[in-house]
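Structure, as structure tokens:
The values are calculated or read from the model by the stated rules, or taken from the named source; none is laboratory data. Note that the coordinates shown come from a computational prediction; the quantities given were computed from them, not determined experimentally. Quick reminder, even Gly has a Cβ in these numbers, built from the backbone with ideal geometry, and neighbours come from all protein chains shown.
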């Protein structure tokens, strides 16, 4: 039986602006992800974006001329995405769908050039559910198509925890559950942010078991821990040079897991 994720939908429905503002605060994650999108996306193509939220990536994809189907579990996020697209006159270029990543039956097309799975995997606590979401994505890619999936690192979140909720360390039962199982204890009440925090060693095998060929596993916040502000202040050539360096560092195996967000890129093998 698949997990009931209505609490996760409610979490995002409760404050759509929070998710819209997140990437404005975490600019390195956004900038570095775009470095990889620029490298692996076709110049023009059809893109299925699952976990589109308020449209941070959707808007730019549409501006670049891609045909986008944007999916999210949260009706409030999809409505905010609709409003953001309409404000730029891009609403006719994007199809919006409210759906669970594990059931994309509303998306009948099977030949997308790329799938962006940029959030659902880290809200699916059970491995079987993560596999189900990946299979849904795999089935909708054309042979040779590219998958981008985002995950949260079990070790990379420690900078945020010590910065924002240092008292977390006092609940040793929860600490041990996170370290051993990548999630909060099962008996804890649902609500707030509920997620699965992955080990880097499990990511490629998870995807490859569904038929993807691994191209890249990168940390998209390498070496900064929770210090987003220092990168955000950078401007001009200095910012570009730091981004170049972080891009070069992002696949260094010794530090990938220290990034909060991990980016997997894989291809659907041609038949």
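Before moving on, here are some points about what is shown:
- Among residues of region 209-242 being in contact (Cβ under 8 Å) with a residue 24 or more places away in the chain and in a helix (DSSP H, G or I), the one that is surrounded by the fewest Cβ atoms within 10 Å (Cβ to Cβ) is 232.
- In region 187-208, the residue that is farthest from residue 248 (Cα to Cα) out of those that are surrounded by 13 or more Cβ atoms within 10 Å (Cβ to Cβ) and free of Cβ contacts under 8 Å to residues at least 24 places away in the same chain is 188.
- The listed residue being under 23 Å from residue 147 (Cα atoms) and surrounded by fewer than 17 Cβ atoms within 10 Å (Cβ to Cβ), out of 54, 43: 43
- Residues (in a helix (DSSP H, G or I) and either more than 28 Å from residue 225 (Cβ to Cβ) or at pLDDT below 90 (or both)) located in region 1-15: 6, 7, 9, 10, 13
- Filtered by the rule that a residue be farther than 14 Å from residue 151 by Cα and modelled with pLDDT of 95 or more, region 178-204 gives 178, 179, 180, 181.
- Filter result for residue 184 (surrounded by 15 or more Cβ atoms within 10 Å (Cβ to Cβ) and free of Cβ contacts under 8 Å to residues at least 40 places away in the same chain): yes
- Region 137-157 - residue that is in contact (Cβ under 8 Å) with a residue 40 or more places away in the chain and part of a helix (DSSP H, G or I) and, of those, farthest from the chain's Cα centre (by Cα): 140
- Search result, residues across region 113-128 that are surrounded by fewer than 21 Cβ atoms within 10 Å (Cβ to Cβ) and under 18 Å from residue 154 (Cβ atoms): 125, 126, 127
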